[in-house]
Amino acid sequence: MSIDVLINLSQIIMLGLSTLVVMLVIAFRRDHKLTYGLTMAGLAISLLIFLFISPADARQATELLVMDDYSLFFSTLVIISALAVTALSYPYFEGQKSRNEEFYLLLLMATLGGVVLACSQHFVSFFLGMEILSICLYGMIAYTVQQPGAAKFPLEAGIKYLLLSGASSAMILFGIALIYTQTGTLLFSEIPQRLVEAGQGNPIVITGWMMAVAGIAFKLSLVPFHMWTPDVYEGAPVPATTFIATASKAAMVAVVLRLVLASQAYEIDGLLSTVTVLAALSMVVGNLLALLQKNIKRLLAYSSIAHLGYVMIVMVAAGSMASSAAAEAVTYYMAAYVFTTLAGFAVVSALSSSTNEQDQLASYQGLFWQRPWVALPLMIVMLSLAGIPLTMGFIGKFYVIQAGVTGQLWLLLAMLVIGSGIGIFYYLRVVYLLVQSPSGESEQGGLPLAVTATLLLTSGTVVLLGIWPTGLIASLSGLSVF
Amino acid sequence: MILIWLMLILFVGGVAALIAERSNPMLPRVIALGALLLDLGLLLLVLFFPATMGADATNQINIGQDGEWLVLFQADWIPQLGISFIFGADGLSLLLIILTVFLGLMSLGAAWHEITERSGFFYLNLLWTLTGVIGVFSALDLFLFFVFWEVMLVPMYFIIAIWGHENKSYAAMKFFIFTQVSGLLMLVAMLGLVFAHYQTSGALTFNYFALLDGEFTTEVGFWLMLGFFIAFATKLPTVPLHNWLPDAHSQAPTAGSVILAGILLKTGAYGLLRFALGLFPEESAAFAPVAMTLGAISILYTAKVAFAQDDLKRLIAYTSVSHMGFVMLGIYAWNAQSAQGAVMTMLAHGFSAAALFMVAGGLQHRLHTRDMRQMGGLWGVMPKLSFMALFFTVAAVGMPGLGNFIGEFLVLLGSFQRSVTITVFATGGLIVAAIYSLIVIQRAFHGEPKQKYGDVADLSKMEMACYIAMMLGLVWMGLYPQSMLALAESGLMNLGLDMSTGAR
């Protein structure tokens, strides 16, 4: 193994190293603040590393992982989410009686899994990354189980996620095995060529792909595989929810897009129509069910279902457009989604603690007049999710529609218009609540610096990159995915 | 550059108003007044000394036809996607921008005493709405246009949702969803157009001038045109997409209604002219019979619905739809007279509807009701306000000598050359208009008082000044329409209308 490979892997190595350090420190000395500081430092260093390894062209680090601009972009996104989640975790858990330190350990490992996913170009690393991520999430979701007065059902949420995620992982694994039996390769980019030899309409390959799609749809929470999402979002402590909503979704989308483009999955019979149905259902059902929610975590859960449906439009269109254009659209969309969602959960987190979660929409009434600097970011988040111009959400939606028009997917575009129309209704309801007269007095507690910073940085990014996306787009154009 | 200044002044003024509220809740309105007056001054400068404006940059550009672009500004925005800042104003845009700033001042007058709570945020929203509208009237990059088109909704939404009346939540939501969904259809059509242009020319651009000579098959063009048409027809609005308007207008505070009726509706008409007709001349010509029929139906149907209203603001809202029917008719009849008439109707309706909403708002402020069943005999109590109501009602009906008459007459004159049947039906609208208008005067201002009014004040000096300004405007339009027609003509020539023969 040459030194080059080590340099390429340095981000992953750094994350592994910080996990070890944090674990050892916890073993010797339980100190919430210290653990928090170490986690922050570890994540910050691995974020900075990317400045040094940013490669001009793709570099392999073993056959399993590839370090190119695309994977770097997504690992950066994952690490930024992890940083934000860490910043939100400290004030959230501080004051809790039971032990908090292991949460950071799980968080670091989950981040590692996410980065592996973003870099993987091989079914083995795909599966490894996915499992590292999910297994840590089980713990994170149920973390507050012994905390009296914590989020309502952390254990229920944890077990639900454990069962469903385990089942879907098994599905994916079975699918991979079926594909492997016919193609004899696990490398994404070798599949198309081997498939020609195996025959295009090979039923075993098609079955394998269908199983993989079903499993992936679980992880991305596409309708009809979405059942777990609202319950898990609601039951988990806010920092864990934030991580599921941002880092884990982004990492999964990253690897799925690479898989689709590299293996030319859109050539497989019936796959495209299946994904079309999933996307259409997600957009409509996700938005419709969000209408009924009175809990902001559940609302954001259904909203994320709809947004992943929008992303699927690009996946469907990927076959009929340049792969770099598809990658550009998806990366921008996911960046928009991640920053917006981070800001949204930062607001929820700013108002909550592990003993008292403020997730009922009614408690947000009049917030704009009482605490404008908390309400304004939430307003920006809602407008961005609704896709109003001058936010990142709009440029993202613009990319999706562009992809849809390029691929001439009129049905999906119609669903997008309908879904967005419904979406505006519940996003604006939140905005409406914020600007109404307050129902009661709210405590004017000051916010911890880290939370304030997260709140302002994420929501500021949503606006800045919405008005002036030139820089980001420049770094995204011409991404090569495989 | 001047267009940027216009928007920047209003934008910064809004922020200043918000901040100023902390020191003194009376200060925001003064700041808003200052910003609008500054804008008006700049506009007058452009109008009377175009040369001074032309000197400072690459300003006066002739493109293709005879019409002149008075001011143009261009800069890169997102070059990778072919998106740039292009602001320009021809005669048409300029007229509408002047209308915007003028009615902005009027709405300020309406809000002056009415808005007492959270005044800083109110004037921020008011000024930002106007900023967005000026952007819509001057953006010549499709993406930029869309951004302004959507962005102007948000502050307007807040105006209705925070300072509106009893049913504000429903009205604000409906207003937003109608415009937003139809706007998304337009976005799809816009991207379809850009994509079609990209395929033939190889250049990815949202530049309006570049897209003017896009090539596509008639069928594709038809669907793209329809996307634009639906968005603009919703905003205009025309039957059957008018549903949001009565709610939004009646629930908004007076200043909001003034801006909605006076200016925001005109963005729909402007869009039809600039984009639906400008980009798709042939498809629009083929579609014209349908659009003209819709216009005629709007005129008759909503006039009849207006007749049945008890809520004064709802009634005026329906008459707005009716008058916008004339605009639709005039735009799609598309000859020299009808197009000029449509522009005149837009301007005149801006004044008359704004004034009528101020009357209704003034009555609500004083009587705490908009229900005409509880009015009656108001002339004796508030002679000045009643006189203004009579004047602007008569103006809206189309009394010769006032602006609305010129507009509607020209529209009918022009559309007669296209379709006699439609024009005959549309003319019927004038009769119904006379009926509902006189009913309003009778029910609200004449007859026996339905309640004890107590001590209600008549118009204040501020209000009188606003009404008189709008009165003078309408009289000017009625007696010397040529001053506006000349400006509009240069704009219409830019859109490819041959003014000499009146042919397409």
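The values are calculated or read from the model by the stated rules, or taken from the named source; none is laboratory data. As the structure is a computational prediction, the values presented were derived from the model and not from experiment. Cβ placement follows ideal geometry from the backbone for every residue including glycine, while neighbour counts extend to all protein chains displayed.
Per-residue answers, yes or no, for (1) surrounded by 20 or more Cβ atoms within 10 Å (Cβ to Cβ); (2) not aliphatic (A, V, I, L, M):
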{"position": "A:I159", "(1), (2)": "no, no"}
{"position": "A:I191", "(1), (2)": "yes, no"}
{"position": "A:G201", "(1), (2)": "no, yes"}
{"position": "A:F218", "(1), (2)": "yes, yes"}
Worksheet item: Within segment B:210-228, restricting attention to residues that are hydrophobic (A, V, I, L, M, F, W, C) and touching a Leu at 6+ places or on another chain (Cβ under 7 Å), which residue is farthest from A:L413 (Cα to Cα)?
Response: B:L212
Discussion item. Suppose we keep only residues that are free of Cβ contacts under 8 Å to residues at least 60 places away in the same chain, among the hydrophobic types (A, V, I, L, M, F, W, C) and under 28 Å from B:R274 (Cβ atoms) within segment B:139-173. Which one would you say is farthest from the other protein chains (Cβ to nearest Cβ)?
Written reply: B:A139
Worksheet item: With B:M477, B:M462 as the choices, which residue is more than 22 Å from B:A317 (Cβ to Cβ) and surrounded by 15 or more Cβ atoms within 10 Å (Cβ to Cβ)?
Response: B:M477
Worksheet entry | Check on B:Y198, surrounded by 15 or more Cβ atoms within 10 Å (Cβ to Cβ), out of contact with any Lys or Arg (no Cβ under 6 Å at 6 or more places or on another chain), among the aromatic types (F, W, Y) and more than 13 Å from every other protein chain (Cβ to nearest Cβ) | no
Discussion item. Condition check: of a type in the set (V, I, T) and closer than 29 Å to A:L107 by Cβ. Does A:I132 satisfy that?
Written reply: yes
Worksheet item: Looking at A:L376, A:L434, A:L390, which is the one that is assigned to a loop (DSSP other than H, G, I, E, B), at pLDDT 90 or above, within 12 Å of chain B (Cβ to nearest Cβ) and in contact with a helix residue (DSSP H, G or I) (Cβ under 9 Å, 6 or more places away or on another chain)?
Response: A:L390
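From the list B:I98, B:I86, B:I177, B:I115, which one is under 29 Å from A:T406 (Cα atoms) and away from chain A (no Cβ under 14 Å)?
Details: B:I98 fails: under 29 Å from A:T406 (Cα atoms); B:I177 fails: away from chain A (no Cβ under 14 Å); B:I115 fails: under 29 Å from A:T406 (Cα atoms).
After ruling out the rest, the residue left standing is B:I86.
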Practice prompt. Among the candidates A:S384, A:S349, single out the residue that is in contact (Cβ under 8 Å) with a residue 60 or more places away in the chain, part of a helix (DSSP H, G or I), closer than 18 Å to A:N295 by Cβ and among the hydroxyl-bearing types (S, T, Y).
Written response: A:S349
Discussion item. Please determine whether any residue of segment A:258-281 is within 30 Å of A:D359 (Cα to Cα) and basic (K, R).
Written reply: no
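Per-residue answers, yes or no, for (1) surrounded by 15 or more Cβ atoms within 10 Å (Cβ to Cβ); (2) assigned to a helix (DSSP H, G or I):
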residue	(1), (2)
A:M14	yes, yes
A:T19	yes, yes
A:A27	no, yes
A:S81	yes, yes
A:K97	no, no
Worksheet item: How many residues does segment B:250-272 contain that are assigned to a helix (DSSP H, G or I) and over 13 Å from the mean Cα position of the chain (by Cα)?
Response: 4
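Suppose we filter segment A:437-482 for residues that are of a type in the set (S, T, N, Q), in a loop (DSSP other than H, G, I, E, B) and away from every other protein chain (no Cβ under 14 Å); how many remain? First the steps, then the outcome.
Initially, segment A:437-482 is screened for residues of a type in the set (S, T, N, Q), giving A:437, A:439, A:442, A:444, A:452, A:454, A:458-459, A:461, A:470, A:475, A:477, A:480.
With in a loop (DSSP other than H, G, I, E, B) added as a condition, the list becomes A:437, A:439, A:442, A:444, A:477, A:480.
Checking the rest, the ones that are also away from every other protein chain (no Cβ under 14 Å) come to A:439, A:442, A:444, A:480.
Within segment A:437-482, residues that are of a type in the set (S, T, N, Q), in a loop (DSSP other than H, G, I, E, B) and away from every other protein chain (no Cβ under 14 Å) number 4.
Looking only at segment B:209-249, count every residue that is in contact with an Asp or Glu (Cβ under 6 Å, 6 or more places away or on another chain) and farther than 19 Å from B:Y270 by Cα and tell me the total. First the steps, then the outcome.
First, the residues of segment B:209-249 that are in contact with an Asp or Glu (Cβ under 6 Å, 6 or more places away or on another chain): B:221-222, B:225.
Still in the list and also farther than 19 Å from B:Y270 by Cα: B:221-222.
The qualifying residues number 2.
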Discussion item. Surrounded by 15 or more Cβ atoms within 10 Å (Cβ to Cβ) and within 20 Å of A:I132 (Cα to Cα): is that true of A:L9 in this structure?
Written reply: yes
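Looking only at segment A:58-79, filter to residues that are among the aliphatic types (A, V, I, L, M) and under 17 Å from the mean Cα position of the chain (by Cα); which one of those is surrounded by the fewest Cβ atoms within 10 Å (Cβ to Cβ)? Steps first, please.
Going through segment A:58-79, the residues among the aliphatic types (A, V, I, L, M) turn out to be A:58, A:61, A:64-67, A:72, A:77-79.
This time we only want the ones that are under 17 Å from the mean Cα position of the chain (by Cα), so: A:72, A:77-79.
Details: A:L72: 21, A:L77: 25, A:V78: 32, A:I79: 28.
Filtering first and then ranking leaves A:L72.
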Item to complete: Please enumerate the residues belonging to segment B:201-221 that are assigned to a loop (DSSP other than H, G, I, E, B) and either among the aromatic types (F, W, Y) or away from chain A (no Cβ under 12 Å) (or both).
Response: B:G202, B:A203, B:T205, B:F206, B:D213, B:G214, B:E215, B:F216, B:T217
Discussion item. Quick test of your reading of the structure: A:G407 fulfils all but one of (1) closer than 23 Å to B:F158 by Cα; (2) more than 10 Å from chain B (Cβ to nearest Cβ). Name the failing condition by number.
Written reply: (1)
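Do the conditions hold for B:I177, that is, is it farther than 22 Å from B:L273 by Cβ, of a type in the set (V, I, T) and surrounded by 22 or more Cβ atoms within 10 Å (Cβ to Cβ)?
Numbers: farther than 22 Å from B:L273 by Cβ: yes; of a type in the set (V, I, T): yes; surrounded by 22 or more Cβ atoms within 10 Å (Cβ to Cβ): no.
Criteria not met by B:I177.
Residues that are crowded, with 18+ Cβ neighbours inside 10 Å and without any contact (Cβ under 8 Å) to a residue 60 or more places away in the chain: which helices (runs of 4 or more DSSP H) entirely in segment B:365-435 hold 2 or more of them? Walk me through how you get there before you give the answer.
Values: elements: B:378-381, B:383-397, B:403-416.
Of the helices (runs of 4 or more DSSP H) lying wholly inside segment B:365-435, those with at least 2 residues that are crowded, with 18+ Cβ neighbours inside 10 Å and without any contact (Cβ under 8 Å) to a residue 60 or more places away in the chain span B:383-397.
Given the structure, is B:L224 facing chain A (nearest Cβ under 9 Å) and part of a helix (DSSP H, G or I)? Can you show your working first?
Details: facing chain A (nearest Cβ under 9 Å): no; part of a helix (DSSP H, G or I): yes.
No.
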